[in-house]
1. Which of (1) farther than 24 Å from A:Ser58 by Cα; (2) within 14 Å of another protein chain (Cβ to nearest Cβ) does A:Leu107 not meet, given it meets every other one?
2. Scanning segment B:67-85 for residues that are out of contact with any Gly (no Cβ under 9 Å at 6 or more places or on another chain) and surrounded by 19 or more Cβ atoms within 10 Å (Cβ to Cβ), which turns out nearest to B:Met118 (Cα to Cα)?
3. Checking the conditions here, which among A:Thr235, A:Thr208 is closer than 27 Å to A:Arg34 by Cβ, crowded, with 21+ Cβ neighbours inside 10 Å and polar (S, T, N, Q)?
4. Could you name every one of the strands (runs of 3 or more DSSP E) located completely within segment B:185-278 that has at least 1 residues being within 22 Å of B:Arg90 (Cβ to Cβ) and either touching a Leu at 6+ places or on another chain (Cβ under 8 Å) or not assigned by TED's automatic domain parsing to the domain that holds B:Phe102 (or both)?
5. Tell me which of these B:Thr152 doesn't satisfy, since it passes every other one: (1) among the β-branched types (Val, Ile, Thr); (2) over 26 Å from B:Arg282 (Cα atoms); (3) crowded, with 22+ Cβ neighbours inside 10 Å.
6. Of A:Ser179, A:Ser209, which residue is assigned by TED's automatic domain parsing to the domain that holds A:Thr137, out of contact with any Ser or Thr (no Cβ under 8 Å at 6 or more places or on another chain), in contact (Cβ under 8 Å) with a residue 60 or more places away in the chain and not hydrophobic (A, V, I, L, M, F, W, C)?
7. Limited to segment B:154-184, what total is found for residues that are within 12 Å of chain A (Cβ to nearest Cβ) and either within 18 Å of B:Cys326 (Cβ to Cβ) or assigned to a loop (DSSP other than H, G, I, E, B) (or both)?
8. Would segment A:126-133 turn up any residue that is among the acidic types (Asp, Glu) and within 14 Å of chain B (Cβ to nearest Cβ)?
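The values are calculated or read from the model by the stated rules, or taken from the named source; none is laboratory data. Quick caveat: nothing in here was measured; it's all calculated off a predicted structure. For neighbour counting, all protein chains shown are included, and Cβ atoms are generated from backbone atoms with ideal geometry for every residue, glycine included.
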Amino acid sequence: MNKRSLWSGPYILWMIGFTVIPFCMILHYALTDRDGAFTFRNLLAMFEPVHLKAMTVSVEVAFFCTVICILLAYPLVIAMKRLGLFGKSYTILVLILPMWINFILRLLALQMILSNNGVLNHIFSILGLPPHELANTRTAMMIGIVYDYLPYMIVSIYNSVADIDDDIIEAARDLGAGSLTVFFRIILPLSVPGLLSGIVMVFVPSMTSFVTANIMAGGKIQLIGNIIEQEFITTMDWHLGSGLSVILMIFVLLSMAFTSRNDPDYGMSKIW
Amino acid sequence: MKKKFVVVVFMVLLMSSCLMCGCNKADENSITVFNYGMYMDPEVLKIFEEETGIKVKYEEAPTPEELYTKYKSGAVKYDVLCTSEYMLQRLINEGELQEVDFSTLKNRDNIGDEYFDMCKSFDPDNKYVMPYFWGTVGILYDKEKVHGDVDTWDVLFNGEYAGEFIMQNSMRDAYMVALKQLGYSINTTNEAELREAQELLIDQKPDVQSYLVDEVKDELVAGNATLGVVYSGEGYYAGEEREGLVYCIPREGTNLWIDCFGVTKDCKNVDNAMKFLDYLCREDCAKINFDYVKYASPYLSVIETMTDKEKASSAINPSKEIINNCEIYVQLPQETTDLLNALWKELKAE
């Protein structure tokens, strides 16, 4: 027992109290029914049509949100690489600044902007464009999710791209590579670790962001997170809620295992 | 090794002492109150604390179901709680409320007897709950945007206002609307009737702008929607906030609800709890709460001093005929509740 492991004491206690014990409780609930008898029914319930449907919608939404985040993040990151030190830290600050405000407040603001009588439609009418009924749609929900998680994607990719030696890019240019070739043959392959950790950080929370679904989609779309929330809060079927959570956890762990297998050092050095 | 042991013991002590002071405080001269959100003027709590010296710990929940879940989890021991009739019925059946004698309240005579009678459907001997507020569920609409009068649930189903109306995002209220539209009882346990209501709601879903709870009124005030299903008090408030917003009770009838306070079985200091209930029906406190909440009040002093505008409002002062056309929720048997939960999940996933 050296001194260093002593210092991890508080964290270990924290983990036991807030991760290990709750997880055991969830597992216990998931494997029992209302009378306390052992059952697999709560786990298998994921394959009921209602739950499968919500799961499919969740995966779809999470997939498209992740793709949009990647498409938005790369151009910005490449532009950032060319900036000076001041420009870089300034951009990062602007990116992280909104995260100092609670995300529910930001979503409520976004909801007002997108609402039928909101700022966006007001601007449209000034420009003589027809109004858009974006509020309470899947599009609005995805805007909310992308808005929430984009910074994680940008920062993860940026960490990898910033590590790429400028000499390599210059060498490629010397040998006659155009911008596209440089991107696809150098920047993209070398930033895969950051990209993968970005995908994990965006895809996984997108799938379960039930608050975003409630606020932005007006209660019309059920992600798997909404169903679990409903089981716990309204229906009071904690057993079914736990069963679905366990299956969701397995799904998430599988997808993380898949991405981190290719990712030796997770590229989390520069900012976090 | 020894050092590590000391650190761990120290931390366990630290954590348990934090937990302990949480428990100890509850035993002192205090009372823990559980209520819906925005359902009591903080001023009343202040008056009560100042005059009696009893400290009030006040907790809120948005819906009856969430209130029940939070109560049942047992994390906090509540002394008195306020919820709606069908949830009170469930709590009474489960033995969660204790019998009290409301005739010992100094201000008992300020509570209209007919409101204790309303409670008899779930509390036959009036020994568990004290009426707090009551009201109806109806349609709030924007007079300038609707075509003609609104006095029926049908406007929410006939496609006339597609994309312009808001439904309640709470299970029983959503099915109540459909069941009334079909002419069935809101307490039906008939599976065929519920499935018919489900079909109606599924057909309606593409036309629904959103399913909300407390924000329905705000969306109408902001002009984002034309009609919305709301509770009567919100209906009155919306009319105050913006002219042209009108609350109506559809002619097919609706849900009549009554929210009451009860004393929980865990309450140690019943005297304090009763003192608190007594304050709620004292003339001045009842008035402050009424002005804050604007639902129909069961307290005679409030009813007598209402303004003409309040008296004329069907939200605050519905006529006897309207009341007779309404139904009070009763707690459904477990199998019907399970069916409703499944149907609701299916509807929302559609």
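1. Result: A:Leu107 fails condition (1) only.
2. By that ranking, first place goes to B:Glu85.
3. Values: A:Thr208 fails: crowded, with 21+ Cβ neighbours inside 10 Å.
None of the other options fit; the residue is A:Thr235.
4. On the way: elements: B:208-212, B:227-231, B:245-248, B:256-263.
So the answer is B:227-231, B:256-263.
5. Answer for B:Thr152: the failing condition is (3).
6. Unique residue meeting the criteria: A:Ser209.
7. Going residue by residue through segment B:154-184, those that are within 12 Å of chain A (Cβ to nearest Cβ) are B:162-172, B:174.
Cutting the leftovers down to either within 18 Å of B:Cys326 (Cβ to Cβ) or assigned to a loop (DSSP other than H, G, I, E, B) (or both) gives us B:162-164, B:168-170, B:172, B:174.
Qualifying residue count, segment B:154-184: 8.
8. The first filter runs over segment A:126-133 and keeps only residues among the acidic types (Asp, Glu), leaving A:133.
Imposing the further condition that a residue be within 14 Å of chain B (Cβ to nearest Cβ) reduces the set to A:133.
Yes, segment A:126-133 contains a residue that is among the acidic types (Asp, Glu) and within 14 Å of chain B (Cβ to nearest Cβ).
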